[in-house]
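Remarks on the structure that follows.
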Amino acid sequence: MRVSPAYKLFVADLFAPFGEVSVRAMFGGGGIYHQGVMMGLIADEQIYLKVDEENRPAFEAADQPPFIFERGDGRQIAMSFYLAPDEIFDDPDALIRWTEGAFAAARRAAARKKPKRSEKRRG
């Protein structure tokens, strides 16, 4: 399911207290990017935020489920994104707190990735 233009605008407005974000189409949903790093995703017009070992406990304590991707063969895979808590929609301080954690997790994940072959040649 594609992300509607209206929902993209909603997401940009929602995250305004944190900073500028963009939504890019991906796999029938959308990736939420800040400073070139994917820190969230949209699926079925629900927002999921990036998690890792450092911020996952907060999402689990808030009883937020992971994004589950179903493969073509029917297997389900939990991704490193968890459903954003409802409080981000009503409380700008909560939005910033949860989003800072997701952005930090996204930056840590990006730092762990190996450089692409073309990047190795340049450096």
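Laboratory data are not the source of any read-out in this text; all were calculated from the coordinates shown. Since the model is a prediction, treat every value here as computed from it, not as a measurement. Virtual Cβ from ideal backbone geometry, glycine too; neighbours counted across all protein chains shown.
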Query raised in the report: Where in segment 53-83 is the amide nitrogen less than 11 Å from a point lying 7 Å along the Cα-to-Cβ axis of Phe27?
Result: 67-72, 77-81
Query raised in the report: Once both labels are modelled 7 Å past Cα along the beta-carbon direction, what's the Ala78-Glu54 spacing in nm?
Result: 2.1
Report task. Pull out the extension gain between Ala61 and Ile96, defined as 0.36 nm times the separation in residues minus the alpha carbon to alpha carbon distance; nm, one decimal. Result -> 10.8 nm
Requested in this report: Considering the options Pro57, Pro85, His34, tell which one lies farthest towards the positive end of the dipole of the chain, charges being +1 on Lys and Arg and -1 on Asp and Glu at the Cβ, about the Cα centre.
Outcome: His34
Query - Distance between modelled label sites at Asp86 and Ala111, nm, 7 Å Cα→Cβ extension - result: 3.5
Requested in this report: Please turn the phi angles of segment 36-44 into ³J(HN,Hα) values with the Karplus equation 6.51 cos²θ - 1.76 cosθ + 1.60 (θ = phi - 60°), one per residue in order, whole Hz, x for glycine and proline.
Outcome: x, 10, 6, 10, x, 9, 10, 9, 6
Query raised in the report: Which three extents, in whole angstrom, do the alpha-carbon atoms of segment 5-122 cover along their principal axes, largest first?
Result: 47, 36, 32
Report task. Determine, for each peptide in 67-80, 14-27, 98-111, 38-51, the mean count of other beta carbons within 10 angstrom over its residues, then list the peptides with the highest first. Result -> 38-51, 98-111, 14-27, 67-80
